[in-house]
Amino acid sequence: MGKFIDLTGQRFGKLVVTERAPNGAGGNVRWVCHCDCGTEIVVFGNSLKTGITQSCGCSRLIDLTGQRFGKLTVKERGPNNRFGAARWICQCDCGNTTVVDGNSLRRGLSRSCGCAKFKYPADLSGYQFGRLVVIERAANDSHNKARWLCKCDCGQTKIIGRQELLSGTTKSCGCLRSETTAKRHVKHYGRRDTPRLYRIWHHMKERCYSPSCKEFKWYGARGIHMCEVWLNDFAAFRDWALANGYSDELSIDRIDNDGNYEPTNCRWATMKEQCSNRRNSPKYK
């Protein structure tokens, strides 16, 4: 048996060992560790020393905030479960809040706060389904199936079948689909609406991050980058451009020639203005 080494106080990645824990199976030594994210976990000593475990799992954590699983919308990270696995605070379409394991969400094991198993009464008046609040009973449809007059969060009213409400097929008056479609359009097709702006955005990325770009030596190689908001979102750059004087006759210009591509350091300028702002112009000598 090798000599026992006290790891208390030592750091391994994001983990700091705080104290000895009860041995694991086979008598293997374990340690209580505090992660930089605030979580406390128990880790085998060998896993720490060999570098297999360097965090509580937060380094590879998939952020589920804002994602939707069945009737549940993830709001924020919750406290870990007793095994150290991530849990999430979720808002259910029925209005309840619940805490669910991340694995249960991703595997489809949890799709509501439990209300999906609830048997709704014949009268749905006052119940909420997604963005819809049931106001009163409406006339049956042509197949004699029950329908209800509902008011959407956006203010519109719509008559919807009982089954569509209970199954979650219909969650709004139609505004939710319109918003989702609009976001998808901006993400995938916004570049077609403003092709020149997309080319400008794409070329900025190439100058800053592609060594194969012939202009990289004057930008990325000098440490010039794009702000995270623009780098990962063309729509954000496009919206800034359209709100800050963009026109087809102008080009993007960095006010501080040694600064990054970011809203506070960029403007739309004429070719003459750009030439006077170059590093080899008189004011830089």
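Pick out the one residue from V99, V134, V74 that is in contact (Cβ under 8 Å) with a residue 24 or more places away in the chain, more than 22 Å from S55 (Cα to Cα) and more than 18 Å from the chain's Cα centre (by Cα). Break it down into steps so the answer makes sense when it comes.
Details: V99 fails: in contact (Cβ under 8 Å) with a residue 24 or more places away in the chain; V74 fails: more than 18 Å from the chain's Cα centre (by Cα).
Sole residue among the options that is in contact (Cβ under 8 Å) with a residue 24 or more places away in the chain, more than 22 Å from S55 (Cα to Cα) and more than 18 Å from the chain's Cα centre (by Cα): V134.
Within region 137-182, how many residues are aliphatic (A, V, I, L, M) and in a loop (DSSP other than H, G, I, E, B)?
Taking region 137-182 first, the residues aliphatic (A, V, I, L, M) are 138-139, 146, 149, 159-160, 165-166, 176, 182.
So of that shortlist, the ones also in a loop (DSSP other than H, G, I, E, B) come out as 139, 146.
Total meeting the criteria: 2.
Any residue in region 1-26 that is under 15 Å from V42 (Cα atoms) sitting within a Cβ distance under 7 Å of a residue that is part of a loop (DSSP other than H, G, I, E, B) and of a type in the set (D, E, K, R)? List the pairs, counting only those 6 or more apart or interchain.
Going by the 7 Å Cβ cut-off, the qualifying pairs are K14/D36.
Inside region 207-222, can you point out the residues that are under 20 Å from P263 (Cβ atoms) and surrounded by fewer than 16 Cβ atoms within 10 Å (Cβ to Cβ)?
Within region 207-222, the first condition is being under 20 Å from P263 (Cβ atoms), and the residues that meet it are 207-209, 219-220.
Answer for region 207-222, where residues must be under 20 Å from P263 (Cβ atoms) and surrounded by fewer than 16 Cβ atoms within 10 Å (Cβ to Cβ): just Y209.
Mind listing whichever residues of region 223-251 are surrounded by fewer than 13 Cβ atoms within 10 Å (Cβ to Cβ) and either outside the structural domain of K272 (by TED's automatic domain parsing) or charged (D, E, K, R) (or both)?
Answer for region 223-251, where residues must be surrounded by fewer than 13 Cβ atoms within 10 Å (Cβ to Cβ) and either outside the structural domain of K272 (by TED's automatic domain parsing) or charged (D, E, K, R) (or both): E228, D248, E249.
If we keep just the residues of region 190-247 that are polar (S, T, N, Q) and either in contact with a Leu (Cβ under 6 Å, 6 or more places away or on another chain) or touching a residue at least 24 places away in the same chain (Cβ under 8 Å) (or both), which is nearest to M271 (Cα to Cα)? I'd like the intermediate steps shown before the answer.
Quick first cut of region 190-247, residues polar (S, T, N, Q) only: 194, 210, 212, 232, 244, 247.
Right, trim to either in contact with a Leu (Cβ under 6 Å, 6 or more places away or on another chain) or touching a residue at least 24 places away in the same chain (Cβ under 8 Å) (or both) and you get 194, 244.
Values: T194: 21, N244: 17 Å.
Within region 190-247, the match that is nearest to M271 (Cα to Cα) is N244.
So which residues in region 98-154 are of a type in the set (F, W, Y) and in contact with a Lys or Arg (Cβ under 9 Å, 6 or more places away or on another chain), if there are any at all?
The initial filter retains those residues of region 98-154 that are of a type in the set (F, W, Y), namely 118, 120, 127, 129, 148.
Selection gives Y120, F129, W148.
Every residue in region 23-77 that is of a type in the set (S, T, N, Q) and within 30 Å of R131 (Cα to Cα), please. It would help to see each step written out before you state the result.
Pass one, region 23-77, residues of a type in the set (S, T, N, Q): 23, 28, 39, 46-47, 50, 53-55, 59, 65, 67, 73.
Result: T65, Q67, T73.
Would you confirm whether or not region 133-140 contains a residue that is modelled with pLDDT under 90 and of a type in the set (D, E, K, R)?
For region 133-140, residues modelled with pLDDT under 90 and of a type in the set (D, E, K, R): absent.
Hey, does region 246-254 have a residue that's assigned to a helix (DSSP H, G or I), modelled with pLDDT of 90 or more and of a type in the set (S, T, Y)? Break it down into steps so the answer makes sense when it comes.
Restricting attention to region 246-254, the residues satisfying the condition of being assigned to a helix (DSSP H, G or I) are none.
No, every residue in region 246-254 fails to be assigned to a helix (DSSP H, G or I), modelled with pLDDT of 90 or more and of a type in the set (S, T, Y).
Residue by residue through region 24-43, note down the ones that are touching a strand residue (DSSP E or B) at 6+ places or on another chain (Cβ under 6 Å) and polar (S, T, N, Q).
Hit for region 24-43 is N28, nothing else.
The values are calculated or read from the model by the stated rules, or taken from the named source; none is laboratory data. Remember, it's a predicted structure, so these values are computed and weren't measured experimentally. Here Cβ is always computed from backbone atoms with ideal geometry, including for glycine, and neighbour counts include all displayed protein chains.
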